[in-house]
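The values are calculated or read from the model by the stated rules, or taken from the named source; none is laboratory data. Everything numeric here is computed off the predicted structure, so don't read it as measured data. With ideal geometry, Cβ positions are generated from the backbone for all residues, glycine too; neighbour counts draw on all protein chains shown. When the accessible area is computed, the model is the full protein with side chains, heavy atoms only, and any ligands, DNA or RNA have been set aside. Shrake-Rupley method; radii C 1.70, N 1.55, O 1.52, S 1.80 Å.
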Amino acid sequence: CPDPCNVVLGCTDDSACNYDPTATCDDDSCILPDGCTDLNACNYDPTATCDDDSCEYGDTTCPDPCNVLPGCIDITACNYNPEATCDNGSCILPDGCTDPDACNYDATAVCDDGSCISGDGCTDEAACNYDPTATCDDDSCEYESCVGGTLATTVYYDANEDGMLDETDGDIRIGGAVLIITGAGDDGVLGTDDDTVMFETTDGQGEYSSDLLAAGEYSITVFLPEGYMFPDGSNEAIYTASITAGATTEVGMNGLIPVILPAVDCSDFVAVSEAVCLDNGTYRVIITHVGGSPGDNGYVITDTEGNETFSSSNNTILGPFEAGTGYAYTVSVADNPECNEEIAVTDVSCTVTAVELLSFKGEVRAEDNRLYWSTASEQDAKYFRLEESQDGVRFGEIAQVNAMGNSNTVQSYEQLDTDVQPGTSYYRLVEIDAAGAERIVSDVVALTRTANGLTVGTVAPVPASEVVTVNYATLTSGEVEVSVYDVSGKLIENKVTKANAGSNQLQLDVRGYAIGTYFLQLKQADQVQTVRIVKD
C-alpha cells in the first residue's frame, strides 16, 4: 500500500463507479465505465454495469424519440403514412367528394371524405322508368317505352273465304279464341324486363285489343275454340306483330284472321289402299274409307286427271292396272269435302320383294334426323336406298345402306340425315336386289323440326285422362322449364326438368286436372314452345 502504516482497502481509481476516496490501499475492486445504464435512454445497454455518460435521448418532440421517421401519422388523413413515427405537419384531411361521377362531386376537394353518392336509378318523374326510391340519377331515364302501342285483331268464320269480314255474307264472329302473346323485344310486355306470355281471349264479337304493349316485336299464337279450324286444317296459327309506340298494329289479313268452320268432325275419317296382284300381270286397287259422316252421297275418289268415282259403301275397287305402274287418288266425303285423304303409291310390283320389312321409323334429334328400320327376312337383297323429299312427291337419294343379303332372322339398320333444315322432311325406303331390281318397300315417314333449338315432336294421347307423353328435342343439354296454363292464363303447374342434347321425353300426370283444355309450355333459355293438351 502507499501508506503501509495506514491501510484502508477499497477502490482508489477516481474514474471508477465505486471509487472510495477514503481508501488508502487499492484492492482491485474498481468497476470502470462500460456503457449507458439508463433504461430511458435510446442507447441503453443492458450489459453495462457502470454508466459512461454516453446515454442519448433522441427527439423528445416525437411520440417515439428514439425512432424518428417524419410523415403524416393521422389515420384519418388521405396521406396517412403507417410507417411514419413523427408527424411533420403534412397531413391532408378529408374535405369532400372527389369522384367526378358522383352526384355530390366537389371540384375543390382534395381528400375524399367518403360522402360520395353514386347513381342508383332514374330520378325524373316524367321518365317511363322513374324510380321514387332513387336518390341519385344514374342517367338511365328513358321516355319511350311507356307510350304503349295497341295490338288489335278479330277472329271470325269466313263463310265465302274472301278474307274480309262481312256478316251479311254469313261470316260469324268467333268469341273465346285464346291468344298467347309473347314479347320478343328487349323490354317484352310493358313493365317487365323478360319475355312475357299473356293469355287473352277474344270477346263475344271475336275481337281483342290491348294498348299496354311496349314497342317491340311480338309473337301471337291463336288457338281456336272447338268446332273451328284455319284454312290449313289446324286449330292454331302463329302471327307476328311489330308494336310501335302510339300506333295500332292489326294482326292477320287486313287486320282479320279468317277461319273456316268445318261441317263435321273429320277426326274419325280414314282412307287406306291396298294393291292386289292378279295372275295376268295386272293389279287392282282396293280403297277402304270410313268416317266423316258420309250420309247418302258417300265418298268421292278423284284421280290425278280429275276423273271421279263415287262410292256409297266402305270399299271401292279400281282397276285393273298394269304391274309396275303406280296410282294416286284423293278420297273425300261427298257432303263434307274438308274430310279428305291423299293416297299415292309410285310403283306396284307384283313380284316378291327381296326383303320382308318389319318397320320403318324416324326421329328428330338435335342436329340430325335418325331413320331406322328392321327386316324379318331377306333373300338376295343387295342394299337399301334411303330417299328424302321436301314436298312428299319428288324424292331423291341421300344414302345407301348395304343389306344383309340372305337372312331368316331380324336384321336392324339405321341412317342419319345430317343435312336437315327447319320444316317437314319426307323419307321412304327403296330395296335393290342382287339382280338390280328396285322396289319401294316402306310407307313414307314425315319428320318435322322447327327453326329454333327447342322442338316439340309428338303429344299423346289427345285427349288424355291420366298421363300425357311429350316427345321433344333440344340442341343443348340443360334445364327445361315446364309450365301448364288453363285457358284463362292461370298457372296450373310449374316445374323444371333436365334435358339432354337430342331427343327427350316428358310425362305429365293430368289425373288431378279438371276436364278441359290446357296449354303446355316448354322453355329453355330464350326458346319457347307451346302446345295444347286436353283432359277428358
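Hey, among Thr325, Thr302, Thr309, which residue is without any contact (Cβ under 8 Å) to a residue 24 or more places away in the chain and assigned to a strand (DSSP E or B)? Only one candidate passes the filter, namely Thr309. Of Ala451, Ala403, Ala460, Ala446, all but one fail to be at pLDDT 90 or above and either aliphatic (A, V, I, L, M) or under 25 Å from the mean Cα position of the chain (by Cα) (or both); the exception is Ala403. For the range 13-34, filtering for residues that are hydrophobic (A, V, I, L, M, F, W, C), assigned to a loop (DSSP other than H, G, I, E, B) and surrounded by fewer than 16 Cβ atoms within 10 Å (Cβ to Cβ) leaves 2.
Checking each residue in the range 115-146 for being within 30 Å of Ile180 (Cα to Cα), of a type outside the set (Phe, Trp, Tyr) and either open to solvent by 70 Å² or more (accessible area, probe 1.4 Å) or free of Cβ contacts under 8 Å to residues at least 40 places away in the same chain (or both) picks out Ala127, Cys128, Asn129, Glu142, Glu144. Does at least one position in the range 376-386 carry a residue that is within 30 Å of Gln505 (Cβ to Cβ) and not in a strand (DSSP E or B)? No; the residues of the range 376-386 include none that is within 30 Å of Gln505 (Cβ to Cβ) and not in a strand (DSSP E or B).
The C-beta contact set for the range 49-68 (first residue under 12 Å from Cys86 (Cα atoms), second residue open to solvent by 80 Å² or more (accessible area, probe 1.4 Å) and in a loop (DSSP other than H, G, I, E, B), distance under 7 angstrom, 6+ apart or interchain) comprises Pro65/Tyr57.
Summed over the range 270-308, the residues that are β-branched (Val, Ile, Thr) and more than 13 Å from Val333 (Cβ to Cβ) give a count of 8. Considering the range 475-491, and only residues there that are open to solvent by less than 50 Å² (accessible area, probe 1.4 Å) and in contact (Cβ under 8 Å) with a residue 60 or more places away in the chain, the residue that is nearest to Ser273 (Cα to Cα) turns out to be Tyr485. If the condition is being modelled with pLDDT of 80 or more, more than 15 Å from Pro258 (Cα to Cα) and open to solvent by 50 Å² or more (accessible area, probe 1.4 Å), then the range 148-199 contributes only Thr168. Among the residues of the range 482-510, those identified as in a strand (DSSP E or B) and among the polar types (S, T, N, Q) are Ser483, Asn494, Thr497, Ser503, Asn504, Gln505, Gln507.
Within the range 511-530, the set of residues being surrounded by 12 or more Cβ atoms within 10 Å (Cβ to Cβ) and outside any strand (DSSP E or B) comprises Tyr513, Ala525. Applying the condition of being modelled with pLDDT under 85 and in a strand (DSSP E or B) to the range 340-356 and asking which residue is most open to solvent (accessible area, probe 1.4 Å) yields Glu356. Are any residues in the range 90-114 without any contact (Cβ under 8 Å) to a residue 24 or more places away in the chain and not in a loop (DSSP other than H, G, I, E, B), and if so, which ones? Scanning the range 90-114 gives a single hit, Gly96.
Among the residues making up the range 492-510, those that are free of Cβ contacts under 8 Å to residues at least 24 places away in the same chain and open to solvent by less than 60 Å² (accessible area, probe 1.4 Å) are Glu493, Thr497.
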